[in-house]
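Any read-out appearing in this document is the output of simple, stated calculations on the displayed coordinates, not a laboratory observation. Everything numeric here is computed off the predicted structure, so don't read it as measured data. Note that we place each Cβ from the backbone using ideal geometry, even for glycine, and neighbour counts take in every protein chain shown.
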Amino acid sequence: MNVAMVGVGYVGLVTGACLADIGHHVICVDTDADKIQRLRDGHVPIFEPGLEALVERNQQAGQLMFTTDLVAAVQQATVVFIAVGTPSHEDGSADVCHVIQAATDIGAAITDYTVIINKSTVPVGTVARIRQTVSDSTARPFSVVSNPEFLKQGNAIEDFMHPDRIVIGVDDDYAANCMRELYASIITTASPLLEMDCASAELCKYASNAMLATRISFMNEIAHVCDRVGADVDQVRRAMGADSRIGPEFLRPGLGYGGSCFPKDVAALVSFAGKKDYDFRILRAVERVNGRQKKILFNKIFNHFKGSLHGRTIAVWGLAFKPNTDDMREAPSITLIEYLLYHGARVRVYDPRAMGSAKAVLGPDVIYVGTSYGALSGADALALVTEWDEFRDPDVARMRAALKTPVIFDGRNLYDAEDMRDRGMTYYSIGRQ
């Protein structure tokens, strides 16, 4: 099929490249001419494992193209995706102005029957607004489909090719058949296509992310209880995860959730539920818990040094909000570093992939170091924030030699507490004695 992808951010680029890889001809459109030129030159602006090779392969095969010409792209396409950003307003509600503008532009450009697929995460009712907007712009026939994305950063290509489910919100048979054809090569018993009304499809993305955010915050609360009663949160979560009604995923305590989806989607769901006169009290509590959890590592550092951080140096391993991405949005490292700097500490940081994006967020007030052990040199303590694989099996003797004092604050429970203490480290973790 001929596909146009309007919006070449994270979702648009991954989805477009994957659709090209399963045999469709895809033209990706963006208003950012510099980004489009860099993509044409083979420079992928985001880090996602496997994405650069996927883009290069399909560009060379002629299956994937990049342009700023929306009209030409839409007129060549049978299906047109909207994959533009929906940033948050100050009240947490989703700003859908870019979605509506894309719908206006698409409506003005179509010349034949077109299926318009919304991939952007939007509040319930936005598909209806897209339909009305396109109707106002054209007399040509079209359909509008809701097709929410469930891509996890760091595993997005696998998630696309082998999804847990493909959700489509449709209200006509032509569009439904078109979606079945579009995804035919990846629909399986294990990856079913779930057809539903558009409102339900729009809501399921928010509901899924809100549930996962709630699980994370719940386990962080359990970790606080463990600290107070002498229990081990790792033992507790293993027992919980063995229950088939619960399962093991998203039960690890840590420093709170971050990234581009969970914080934004939880806030948006609270906001649009409130506009329908419903107070989503559980999710408001989840937000409060998450905000508090991002401060927990700082509190442990502050208490260990008895409130005296001025002039001390803290090394930070991991800056991105999760491994296998360079995304700094809502990263727990930001909260930690801001508090450390405010209290007079010097901060030395290292991340395998996020150093560039971190500089744009943290600025010149921290010391950026090119290696993990280099960041430890002369530091009073190590704070481990992001659980990159390269941090999982460190040379503890080398760590001790580099650190001024052998103290680790492990925000991801990456190490065995008893083993670390046996090796002479003062060791703090989350919800474990």
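List of remarks:
- DSSP beta bridges in the chain [antiparallel fraction, %, rounded to 5]: 5 percent
- Label-zone membership for segment 46-76, site Gln37, 7 angstrom Cα→C-beta point, backbone N under 16 Å: 66-69
- Cα principal axis extents for segment 1-124, largest first, Å: 42, 35, 25
- Cβ crowding within 10 Å, taken as a proxy for footprinting-reagent exposure, orders Thr189, Thr371, Thr138, Thr426 from fewest neighbours to most as Thr189, Thr371, Thr426, Thr138.
- Taking Trp388, Trp317 and counting other C-beta atoms within 10 Å, the order from fewest to most: Trp388, Trp317
- Within a straight-line Cα-Cα reach of under 29 Å, Lys205 can be paired with the following lysines, leaving aside sequence neighbours fewer than 8 residues apart in one chain: Lys35, Lys119, Lys152, Lys264, Lys275, Lys276, Lys294, Lys295, Lys322.
- Rounded to whole Hz, the Karplus (6.51, -1.76, 1.60) HN-Hα couplings of segment 127-143, x for glycine and proline: 4, 5, 5, 4, 4, 5, 5, 5, 4, 6, 9, 8, 9, 6, x, 7, 10
- Amide H within-cut-off set for Ile367, under 5 Å, with H built and near neighbours excluded: Val347, Arg348, Val349
- Between 0 and 90°, nearest 10: helix 173-182 axis offset from the chain longest Cα axis: 50 degrees
- Gap separating the Cα centres of segment 1-67 and segment 243-284, nearest whole Å: 31 Å
- Segment 206-293 has equivalent-ellipsoid semi-axes of 25, 14, 11 Å, by the square roots of 5 times the alpha carbon gyration tensor eigenvalues, sorted largest first.
- Whole-Hz ³J(HN,Hα) from phi, Karplus 6.51 cos²θ - 1.76 cosθ + 1.60, for segment 103-109, glycine and proline x: 4, 4, 5, 5, x, 6, 9
- The relative contact order of segment 296-428, computed from alpha carbon pairs under 8 Å that lie at least 6 residues apart in sequence, is 26 percent.
- Loop-located chymotrypsin sites (Phe, Trp or Tyr not before Pro) in segment 195-294, at most 14 other Cβ atoms within 10 Å (DSSP): Tyr278
- Using a cutoff of 8 angstrom between alpha carbon atoms and counting only pairs six or more residues apart, the relative contact order for the chain works out to 12 percent.
- At R0 = 22 Å, FRET efficiency that the Cβ-Cβ distance of Thr104 and Asp171 yields, to 0.05: 0.55
- For the chain, the calculated P(r), taken from all Cα-Cα distances in 20 Å bins from zero up to the bin holding the longest distance, is 24, 51, 23, 2 percent.
- Restricting segment 219-262 to trypsin sites (Lys or Arg not before Pro) in coil, as DSSP defines it, with at most 13 other Cβ within 10 Å: Arg245
- One chain, two ends: Ile282 and Val361. Fully extended at 0.36 nm per residue, the span grows by 25.4 nm beyond their Cα-Cα distance.
- Extension gain, His162 to Ala273: 0.36 nm times the residue separation minus the Cα-Cα distance gives 36.8 nm.
- 5 angstrom amide H check on Ser143, placed H, neighbours 5+ away: Thr114, Val115, Ile116
- Between 0 and 90°, nearest 10: helix 332-342 axis offset from the chain longest Cα axis: 50 degrees
- Mean Cα-pair separation over length for segment 30-125, i.e. relative contact order, pairs under 8 Å, 6 or more apart, %: 26 percent
- Per-pair calculated FRET efficiency, R0 = 22 Å: His89 and Tyr342 via Cβ, rounded to 0.05: 0.20
- Computed 3J(HN,Hα) for segment 185-192, one whole-Hz value per residue from the Karplus formula 6.51 cos²θ - 1.76 cosθ + 1.60 where θ = phi - 60°, is 6, 10, 7, 9, 4, 7, 10, x, glycine and proline marked x.
- Distance between modelled label sites at Asn303 and Glu418, nm, 7 Å Cα→Cβ extension: 2.3 nm
- If a spin label sat at a point 7 angstrom from the Cα of Asp112 along the line to its beta carbon, the backbone N atoms of segment 1-27 nearer than 16 Å would be those of 1-4, 25-27.
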